[in-house]
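Q: If you scroll down you'll find the structure; I have some questions about it.
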Amino acid sequence: MTKASRSEFGDFLRSRREKLSPESVGLTNGGRRRRTPGLRREEVAELAGIGVDWYVRLEQGRTVSPSDTTLEALARALRLGKVEAAHLRALARIGDRQPFTRESVPGPIANLIATLELPAYVTGRRWDLLAWNGAAADLLGFDRLAEPDRNILVFMFIEPDARRLFGATWTSEARRMIALFRATHDLYADDPAFVELVERLRSHSAEFAKWWNAHDVRGGTSGQKVLTHPERGAQRYDYASFQANDDPALKLAIYTPA
């Protein structure tokens, strides 16, 4: 693991440990008061069948390389879901990466979304908005964004129009986005482009800073959204996203009226 990935690995372990209660994993409190929420480190180590010192080193982000067996044991001990367990494994296996560079959209994909009548747009691994069509501009207002603000998270947490667009569902959708993005971010945590984006969001949005610290991760690339158009009012859409074969970092999102 790189230094940044070790830190994210340890932070993720700690965040999952603090979310568990002794009762939820079959432990008794023994009448002792707990100064901090969640399980103690020694309790997680016991549940996982590993040494306390070894677990402490993992959570502190020190230079260690957990085996697949250890990762599986930690996932069971911390009651991780499928997406969370996969994220833990990914963090443990990160090697050195090339610096992030903003992606470009190949001509055929750009032409494809331009011809679609449904709202469609393309994002990169940092969730930068790389291309969109007229229907997406009409529904989501992407044409009004300045070049530095063409990012889904910046749009959601900094642009006032996003709260109007999502209305009563803004909070749940914003938290969902953070958990989805976190799974990618942690693999590039020390990259300057990702650091700059997160710091900008932290400084401009108290909600982002609070929910980011929860270190939640989740998967999912389809579902429904209720969006409020300034002229047509509230509308329900099914959405789905697709990866490009030539560059899996590119994701095409399409919205269909439900």
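Q: Would you say F166 is part of a helix (DSSP H, G or I), aromatic (F, W, Y) and more than 18 Å from the chain's Cα centre (by Cα)?
A: Numbers: part of a helix (DSSP H, G or I): yes; aromatic (F, W, Y): yes; more than 18 Å from the chain's Cα centre (by Cα): yes.
Yes: the conditions hold for F166.
Q: Checking R97 against (1) modelled with pLDDT under 95; (2) surrounded by 14 or more Cβ atoms within 10 Å (Cβ to Cβ), which test does it fail?
A: So R97 meets the others, but not (2).
Q: Of the conditions (1) surrounded by fewer than 18 Cβ atoms within 10 Å (Cβ to Cβ); (2) over 22 Å from D247 (Cβ atoms), T70 satisfies every one except a single condition; which number is it?
A: The number of the failed condition is (1).
Q: Take the conditions on the phi > 0 side of the Ramachandran plot, outside any strand (DSSP E or B) and either small (G, A, S) or in contact (Cβ under 8 Å) with a residue 40 or more places away in the chain (or both) and apply them to G95. Does it pass? Walk me through it before giving the result.
A: Working: on the phi > 0 side of the Ramachandran plot: no; outside any strand (DSSP E or B): yes; either small (G, A, S) or in contact (Cβ under 8 Å) with a residue 40 or more places away in the chain (or both): yes.
Answer is no for this residue.
Q: Collect the residues in the range 210-231 that are outside any loop (DSSP other than H, G, I, E, B), free of Cβ contacts under 8 Å to residues at least 60 places away in the same chain, loosely packed, with under 15 Cβ neighbours inside 10 Å and of a type outside the set (K, R), keeping them in residue-number order. Outline the logic, then answer.
A: Narrowing the range 210-231 to residues outside any loop (DSSP other than H, G, I, E, B): 210-212, 222-229.
Still in the running and free of Cβ contacts under 8 Å to residues at least 60 places away in the same chain: 210-212, 222-225.
Checking which are loosely packed, with under 15 Cβ neighbours inside 10 Å leaves us with 210, 222-224.
Answer for the range 210-231, where residues must be outside any loop (DSSP other than H, G, I, E, B), free of Cβ contacts under 8 Å to residues at least 60 places away in the same chain, loosely packed, with under 15 Cβ neighbours inside 10 Å and of a type outside the set (K, R): S222, G223, Q224.
Q: For the range 232-252, check the following and say yes or no: at least one residue is surrounded by 18 or more Cβ atoms within 10 Å (Cβ to Cβ), within 14 Å of the chain's Cα centre (by Cα), in the same structural domain as N111 (by TED's automatic domain parsing) and touching a residue at least 40 places away in the same chain (Cβ under 8 Å).
A: Taking every residue of the range 232-252 in turn, none turns out to be surrounded by 18 or more Cβ atoms within 10 Å (Cβ to Cβ), within 14 Å of the chain's Cα centre (by Cα), in the same structural domain as N111 (by TED's automatic domain parsing) and touching a residue at least 40 places away in the same chain (Cβ under 8 Å).
Q: Something else about it: Tell me which residues, restricted to the range 206-258, are within 21 Å of H87 (Cβ to Cβ), of a type in the set (S, T, N, Q) and touching a strand residue (DSSP E or B) at 6+ places or on another chain (Cβ under 7 Å).
A: T221, S222, S241, Q243
The values are calculated or read from the model by the stated rules, or taken from the named source; none is laboratory data. Quick caveat: nothing in here was measured; it's all calculated off a predicted structure. Every residue, glycine as well, gets a Cβ built from its backbone with ideal geometry; the counts of neighbours run over all protein chains shown.
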